[in-house]
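Chemist: So that we are looking at the same thing, I have put the structure below in structure tokens.
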Amino acid sequence: MAAVDSVAQALAYLQVHSPQDGTSMYDHLVKLVSKVLEDQPKNAVDLLETSLLVKKSTFDPKESSPLVPIPVAPDATQTQAAVSIFGDPELPINPATGEPVPADPPNEFEAENMLGAAAVLDCLGVGLGRELGVNIALAAKRIGEDPKLAVRSVRFFGKFLGLYSDYFVFEVAFKKEAAKEAAPAAPAPERVEGEAASSSAPEVPVEEPGKGANKFTYLVCSSLGGPLTRLPDVTPAQVKASRRIKKLLTGRLTSHVSTYPAFPGNEANYLRALIARISAATVVAPSDLFSLNDETGELERAEDWEPPAGREMAAPTAWVHVRPHLKSQGRCEVHKRELPEDADEDEFYNEDELEEGPDLLAALEEDAQLPGEQAAWTPIYSSASEAVKTQAGGLRSLVWPGAVCGGRGSEWTCVYVGWGVKNAPFVPLPPPPVAQEFAWGEVETQELELKPAPPPPEEEAEADE
């Protein structure tokens, strides 16, 4: 028994794995004997050299990457969501009959040629690529054909990059007013910390759904084909607060926006404020394609529009803004207080209430320049040579990096792919003044009372007893 125990202990000792490379003396001796029997050298006594040769020529699979990648939960979720947009959605089962419930007829909607738009952006070297453009088109088709949403139009707004995940944003317009009312209500405007309350800065009401900055509704998802989240309507307070801060998105709509000054809302509200600002500045269309109806105030598409040549689309005069300007109030339409009878209009209204922004369908060449007299848009071409036929041309925004527009023939589009950070100098606001401990005017007297005299030692001794 003692011999057996000693052999077991010796075998266990030889099988101890090294913490450095994970090998053991037992495995090394087995490989050494196998190597000697396989090669059968003449001088088999020279085991040391053979031992070193075995160790150097051993293939360690741990040092190489696995042949099959280890599946990660987020990657698997995105893949499953991407597969769901190929094919018809799964229908619920009727528990009474055990058969699928008949599907409702698909909804009819309007949308741009997203495949053609992806091809134009791919020629210009911007955008998300043609392969991802197919998935975007299928995801937009799934949104548009959903009879429960009942949308009138669908447009891919762009992609916002985040620290943990990204946002794919779709811009939709509903057919029914009830669908607009079903959107999450915007929170009440909160006063930003450090903003003094005065009569010159009155509370600005929120624009109604379907008007101004809330004309369209935006649906976001972290992966194409995944669950969609409807963003709430934007408030003027949120637009004004977003202009004072610079913050990277995290990719989580419910996360807190920790900034100074404080932002009135979570990341979903902050993302919606960024969309309102970017949409007003970068959603454009070719000139002479739309005309403004003076009676309804809506844009009408021209039937006899002739697209310019590809390289001519890279001029700022070839594009116009098709979204109203977002004023300093945080609204597209200026809100004015009721003017008293005996008040002067110029003295009663503040600067924000008297603002007059650019008109609709203003050319991009009229945009404000950047510091150093640099234009707000820079041209991009599909080819550096002017001799190439059927070229694509477009513009890249320098104010909002990631916003581009382009056209080739009758196909044109505009999209935003970026971090949601404006190209502007960031000047942090100073902290608010230090608050006073109390108001000296409300104090009865500023004279300090004398401290009472301590009791005699005799009284202290009696009190201790």
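Chemist: If you go through region 285-302 one residue at a time, do you hit one that is within 29 Å of residue 205 (Cα to Cα), of a type in the set (D, E, K, R), at pLDDT 90 or above and open to solvent by 60 Å² or more (accessible area, probe 1.4 Å)?
Modeler: Within region 285-302, not a single residue is within 29 Å of residue 205 (Cα to Cα), of a type in the set (D, E, K, R), at pLDDT 90 or above and open to solvent by 60 Å² or more (accessible area, probe 1.4 Å).
Chemist: Scan region 331-357 residue by residue and report those that are within 14 Å of residue 280 (Cβ to Cβ), touching a Pro at 6+ places or on another chain (Cβ under 9 Å) and either among the acidic types (Asp, Glu) or surrounded by fewer than 16 Cβ atoms within 10 Å (Cβ to Cβ) (or both).
Modeler: 333, 357 - these are the residues of region 331-357 that are within 14 Å of residue 280 (Cβ to Cβ), touching a Pro at 6+ places or on another chain (Cβ under 9 Å) and either among the acidic types (Asp, Glu) or surrounded by fewer than 16 Cβ atoms within 10 Å (Cβ to Cβ) (or both).
Chemist: Also, quick follow-up: Considering region 358-372 alone, what residues qualify as being among the aliphatic types (A, V, I, L, M), open to solvent by 30 Å² or more (accessible area, probe 1.4 Å) and on the phi < 0 side of the Ramachandran plot?
Modeler: 360, 368
Chemist: On the basis of being over 30 Å from residue 396 (Cα atoms) and of a type in the set (Lys, Arg), does residue 176 make the cut?
Modeler: Against the criterion (over 30 Å from residue 396 (Cα atoms) and of a type in the set (Lys, Arg)), residue 176 qualifies.
Chemist: In this structure, does residue 412 turn out to be surrounded by 12 or more Cβ atoms within 10 Å (Cβ to Cβ), aromatic (Phe, Trp, Tyr) and either modelled with pLDDT under 80 or part of a strand (DSSP E or B) (or both)?
Modeler: Yes.
Chemist: For residues that are free of Cβ contacts under 8 Å to residues at least 12 places away in the same chain and in contact with a helix residue (DSSP H, G or I) (Cβ under 9 Å, 6 or more places away or on another chain), scanning just region 355-385, find the one that is nearest to residue 124 (Cα to Cα).
Modeler: 383
Chemist: Out of 53, 47, 67, report the one residue that is of a type outside the set (Asp, Glu), open to solvent by 60 Å² or more (accessible area, probe 1.4 Å), modelled with pLDDT under 60 and in contact with a Lys or Arg (Cβ under 8 Å, 6 or more places away or on another chain).
Modeler: Only one candidate qualifies: 53.
Chemist: Residue check: is residue 193 among the charged types (D, E, K, R), over 25 Å from residue 280 (Cβ atoms) and modelled with pLDDT under 90?
Modeler: For residue 193, the condition - among the charged types (D, E, K, R), over 25 Å from residue 280 (Cβ atoms) and modelled with pLDDT under 90 - is met.
Chemist: Can you tell me how many residues in region 251-270 are open to solvent by 10 Å² or more (accessible area, probe 1.4 Å) and β-branched (Val, Ile, Thr)?
Modeler: 2
Chemist: If you go through region 227-249 one residue at a time, do you hit one that is acidic (Asp, Glu), open to solvent by 20 Å² or more (accessible area, probe 1.4 Å) and farther than 17 Å from residue 214 by Cα?
Modeler: No, region 227-249 contains no residue that is acidic (Asp, Glu), open to solvent by 20 Å² or more (accessible area, probe 1.4 Å) and farther than 17 Å from residue 214 by Cα.
The values are calculated or read from the model by the stated rules, or taken from the named source; none is laboratory data. Bear in mind the structure is a predicted one, so any value in this text is a computation, not a measurement. Backbone-built Cβ (ideal geometry, glycine too); neighbour counts: all protein chains shown. Each accessible area value is taken on the protein alone, full model and side chains, heavy atoms only, with ligands, DNA and RNA left out. Shrake-Rupley method; radii C 1.70, N 1.55, O 1.52, S 1.80 Å.
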